[in-house]
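What follows is a single structure, written as structure tokens, with notes after it.
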Amino acid sequence: MQLFYFPELHEGITSVQLEGDEVHHITKVLRKQSGDVLHLTNGLGGYFEAGITDVRKHHILVDIRKAKKMPEPYYRGLTLVMGVIKQRERLEFAVEKAVEIGVGRIVMFHADRSERSRVNVSRIENIMISAMKQSMQVYLPALVEVDSAEEVCSLASGGARMLVAHEQVTTGHEGMAFLPEESVVLVVGPEGGLTDRELDVFQAHGAGMMSLGTTRQRAETAAITMLSAAHLGYAAELRQGGIPLYGSM
């Protein structure tokens, strides 16, 4: 099954005209025709099964046969904060894998040691959409860009639990457990790591420091490692409570 993203879809819709790059892929690459079935999402938890009724040059008409609001995944309260990486392909790789693993929000953090250039937000969003579709998810993570450790802490206000990856601590992720209703913020620095000033800001906000192992990891590897560890923490708690980890459309 292949999933297509159309943010304009909403509950209660019965027929709709679809346009854009997704339609070009559906008609020109996949050669879909009238009568073919499509699987669609709006990125807000909506899953739609639609039948093509007409194919035009720049748009298609579809009838919605089935619409379903999927429950929020257990990791919707999980935020991954990544220090902006100098090499854009590595940053994009980390974003892609984070979405595939599962995250509710991704924050691009211009840390003290980050390169000062801005993030290509449009490109990052497209990578996130592609990763969401590839991994068959129907919730598109939010994307936020911030310029300081203080702004990161403001995102974690309201009782969110914050953990910061740091190579000079010995406390690992063993035994870490998270609840689905808990807001969790994971912070990974850029190349060269976080500065002492940033660490002081995070610790003053109540953040815990966490080791990712005995090896030195690149920033994008650290982000994936930390996110994977968090999922293990969720899994341990959910299994204990008898809550299923996985659902189906």
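The values are calculated or read from the model by the stated rules, or taken from the named source; none is laboratory data. Just so we're clear, the structure is a prediction, and the values are computed from it rather than from any experiment. No Cβ is skipped: glycine too gets one built from the backbone with ideal geometry, and neighbour counts run over all protein chains shown. In case anyone asks, the SASA skips ligands and DNA or RNA and just uses the protein heavy atoms, side chains included. Shrake-Rupley method; radii C 1.70, N 1.55, O 1.52, S 1.80 Å.
List of remarks:
- Spherically averaged projected area in nm², based on the convex hull that wraps the Cα atoms of the range 1-76: 5.1
- Assigned charges on the beta-carbon of Lys, Arg, Asp, Glu; the chain dipole about Cα centre (debye): 720
- Solvent-accessible surface of the chain, averaged per residue with a 1.4 angstrom probe and all protein chains in place: 50 square angstrom.
- Neighbour cut-off at most 15 other Cβ (10 Å), DSSP loop, trypsin sites (Lys or Arg not before Pro), the range 37-67: Arg56, Lys57
- Portion, in percent, of the accessible area of the chain that falls on carbon or sulfur, probe 1.4 Å: 48
- Both radii come from the Cα set of the chain: Rg as radius of gyration, Rh as Kirkwood radius; their ratio Rg/Rh reads 1.03.
- Cut-off under 5 Å, modelled amide H: who pairs with Leu44 long-range: Leu140
- Distance between modelled label sites at Val121 and Gln2, nm, 7 Å Cα→Cβ extension: 3.1
- When Glu220, Glu151 are compared by accessible surface with a 1.4 Å probe, the order from highest to lowest is Glu151, Glu220.
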